[in-house]
Amino acid sequence: MARILLIDDDDSVRTVLSLALTEHGHTVIEAHDGKEGLELYKHAKADLVITDIVMPEKEGLEVLMKLMKKHPPAKIIAISGGGGKHHPAHYLHAARLLGAAKVLAKPFSYELLLAAVNEVLERPATVAGSQV
């Protein structure tokens, strides 16, 4: 199974998602914001990153940009329940444009999360068109 870096500032969401992923055999490394997530990614050897978008310190879009720029081909699932005056679809559309492999609007089911994780993990990683 996979090593997954899970970044979300909501402790309860992070705990529930971590439990769902570990119950399906994945190893989960947790970060409470984007800044911590980027630090952990350097050493985590994560196969997949699941990141919330609206967070303190560094937002998920900034995390996504840094991972796509510094560490291609990072496999990323972006999640959002929105925040402020914006609907989650705005954030998720931006995440897709920045390279997120999948996007999920909160709340979502465990089944949808696990299907997205399996789909993204099964995709071959490529750099400039060649498999890594």
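Computed from the coordinates by the stated procedures, all read-outs in this text should not be read as laboratory data. Since we're looking at a predicted model, the values are computed, not measured. For neighbour counting, all protein chains shown are included, and Cβ atoms are generated from backbone atoms with ideal geometry for every residue, glycine included.
Roughly how many debye, to the nearest 20, is the charge dipole of the chain about its Cα centre, given +1 on each Lys and Arg Cβ, -1 on each Asp and Glu Cβ, and no other charges?
On the way: 15 positive and 17 negative charges, 118 e Å.
Computed charge dipole of the chain: roughly 560 debye.
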Expressed as a fraction of 2.2 N^0.38 Å, the rule-of-thumb size for a compact globular protein of N residues, what is the C-alpha radius of gyration of the chain? 0.96
If you rank 4, 53 by fewest surrounding Cβ atoms within 10 Å, what's the result? 4, 53
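Counting only helical runs of four or more DSSP H residues, what would the 222 nm mean residue ellipticity of the chain come to if each run contributes -39,500 (n - 2.57) and the total is spread over all its residues? Provide the component values of the computation, followed by the final result.
Details: 5 runs with 58 residues, N = 132.
For the chain, the value works out to -13500 deg cm²/dmol.
Highest first, please rank the peptides 115-121, 44-50 by the mean number of other Cβ atoms sitting within 10 Å of their residues.
Working: 115-121: 16.3, 44-50: 20.9.
With the highest mean Cβ count within 10 Å placed first, the list reads 44-50, 115-121.
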If we sort 22-28, 89-95, 64-70 on the protection proxy, mean other Cβ atoms within 10 Å, highest first, what's the order? 89-95, 64-70, 22-28
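Report D for the range 61-122 in µm² per second (integer): Stokes-Einstein, Kirkwood Rh on Cα pairs, 25 °C, 0.890 mPa s. Display every interim value, and only then the final one.
Values: Rh = 12.0 Å.
Rounded to a whole number, D works out at 204 µm²/s.
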Pairs of alpha-carbon atoms within less than 8 angstrom and 6+ residues apart define the contacts here; what relative contact order does the chain have, in percent? 21
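On full extension of the chain, what length is gained from residue 35 through residue 70, given 0.36 nm per residue of separation minus the C-alpha to C-alpha distance? Working shown, then result.
Working: separation 35, 0.36 × 35 = 12.60 nm, distance 1.47 nm.
Extra length from residue 35 to residue 70 when fully extended: 11.1 nm.
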Given +1 on the Cβ of Lys and Arg, -1 on the Cβ of Asp and Glu, and no further charges, what dipole in debye does the range 61-122 carry about its Cα centre, rounded to the nearest 20? 300
